[in-house]
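Contents: one structure, followed by commentary.
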Amino acid sequence: MKAVLINKPTNSEEIEIVETSIPVVRSGWVLVKVKAFGINHSEKLLRTFEIEKDYIKKPIIPGIECVGVIENPSDTHLKRGDKVIALMGGMGRSFNGSYAEYVLIPRKNVFTVRSELPFELLGAIPETYFTAWGSLFECLRLTKDDTLLVRGATCALGYAAIDIAKALGAKVIGTTHKREKLSLLNGCDQVVLDDGTLEGQLRANEILELVGPKTLRDSARCLYKGGIVCQTGLLGGVYTLDGFDPIKEIPNGCYLTGFFSNFPTQEIIDEMFSFFNKNRLQPSVGKIYRFKDIRRALIDIDEHKVDGKVVIKV
Ligand SMILES: NC(=O)c1ccc[n+]([C@@H]2O[C@H](COP(=O)([O-])OP(=O)(O)OC[C@H]3O[C@@H](n4cnc5c(N)ncnc54)[C@H](OP(=O)(O)O)[C@@H]3O)[C@@H](O)[C@H]2O)c1
């Protein structure tokens, strides 16, 4: 099969597709024929430096998510031809991932889906929409009567959150740090240019924080009483809250939560797809590339040439 295989720090320009063996099935693992996969920032971190850490399998096929069909269900209850999505759980890190024509995945990380979407659109969903869904509902308990602020909205996750919240009927405020990107947030009810301080400019019941700890304190000050802020993204490049004083920095009667996408379940995936199907929701996609052009796709992402989710069609 064709795959991207790396064993040392690798820039986008150095990415190559090579021939390697189709994985051999084993008990509890299923072989998926990959139809499409989304690209994630964490894969760049893996490829450029994390690859040197002991806990990363080497050589490794990167890729933390995919959509496809079951090629060989091994001893599980899945059936050959089942349409599935797969994500996380060590995929592309402790075992080979999805930048390939086939991938062998533990059964618990593979989920059946009912969707009429073509694979290249379905490929935008697993990691990005699952993260948006979990942040909005498990963490922020969003309802249609709420005002949601998506801070750092001009990213794949931001567009996904806006799609879901608008389909639900909530009011959505989106922010971007770039004036030229304001028009990309037309799907929002209100768009705000974010210079790092939003306090005093707007209020929300729920805040999806995608810029991260860099702006989290300011976000908390934008909550209505009873509001929740969910720390999900790290776009601002600051990863921790140093010297955080929860007594003074979380306003009285407000709540702080965080979302980590490592724990998908079939129940949540079913809920999510039934919402998508009922609302005829089409995922937002930045650009679709063919697998043979994956190097071009990764270079384009580095050069900020694509806005939104990049999907590779295999
Ligand atoms: N908690 C979890 O489990 C989880 C799961 C998935 C992703 N994430 C995180 O969520 C964030 C978004 O992920 P994604 O896949 O949607 O990313 P993405 O589509 O790759 O978005 C990256 C783009 O965001 C833009 N951006 C928007 N606001 C920004 C700001 N304030 N500072 C810097 N860049 C900004 C940047 O473009 P411009 O600078 O041109 O605007 C950048 O090119 C990432 O930090 C990712 O690590 C977390």
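No lab work stands behind these numbers, since they all come straight from the coordinates. As the structure is a computational prediction, the values presented were derived from the model and not from experiment. Glycine also receives a Cβ, built like all others from the backbone with ideal geometry; neighbour counts cover every protein chain displayed.
The selection criterion, being more than 20 Å from the chain's Cα centre (by Cα) and buried (at least 17 other Cβ atoms within 10 Å of the Cβ), holds for Cys254.
The set of residues from the stretch 221-246 being under 19 Å from the mean Cα position of the chain (by Cα) and either assigned to a loop (DSSP other than H, G, I, E, B) or over 18 Å from Thr147 (Cβ atoms) (or both) comprises Gln231, Thr232, Gly233, Leu234, Leu235, Gly236, Gly237, Val238, Tyr239. Checking the stated criteria, Ser98 turns out to be polar (S, T, N, Q) and away from the ligand (no atom under 13 Å from the Cβ). Residues of the stretch 272-301 that are closer than 17 Å to Val4 by Cα and either outside any helix (DSSP H, G or I) or out of contact with any helix residue (DSSP H, G or I) (no Cβ under 8 Å at 6 or more places or on another chain) (or both): Tyr289, Arg290, Phe291, Lys292, Asp293, Ile294, Arg296, Ala297. Within the stretch 183-200, the set of residues being of a type in the set (D, E, K, R) and touching a Ser or Thr at 6+ places or on another chain (Cβ under 8 Å) comprises just one member, Asp194.
Could you list, in sequence order, all residues of the stretch 285-314 that are among the charged types (D, E, K, R) and out of contact with any Ser or Thr (no Cβ under 6 Å at 6 or more places or on another chain)? Selection gives Lys287, Arg290, Lys292, Asp293, Arg295, Arg296, Asp300, Glu303, Lys305, Asp307, Lys313. Checking Leu148, Leu157, Leu142 one by one, the residue that is crowded, with 20+ Cβ neighbours inside 10 Å, under 22 Å from Thr197 (Cβ atoms) and in contact (Cβ under 8 Å) with a residue 40 or more places away in the chain is Leu148 and no other.
Among the residues of the stretch 180-220, those that are over 17 Å from Gly308 (Cα atoms) and assigned to a helix (DSSP H, G or I) comprise Pro213, Lys214, Thr215, Leu216, Arg217, Asp218, Ser219, Ala220.
A count restricted to the stretch 134-178 and to residues that are more than 11 Å from the ligand (Cβ to nearest atom) and not β-branched (Val, Ile, Thr) stands at 19.
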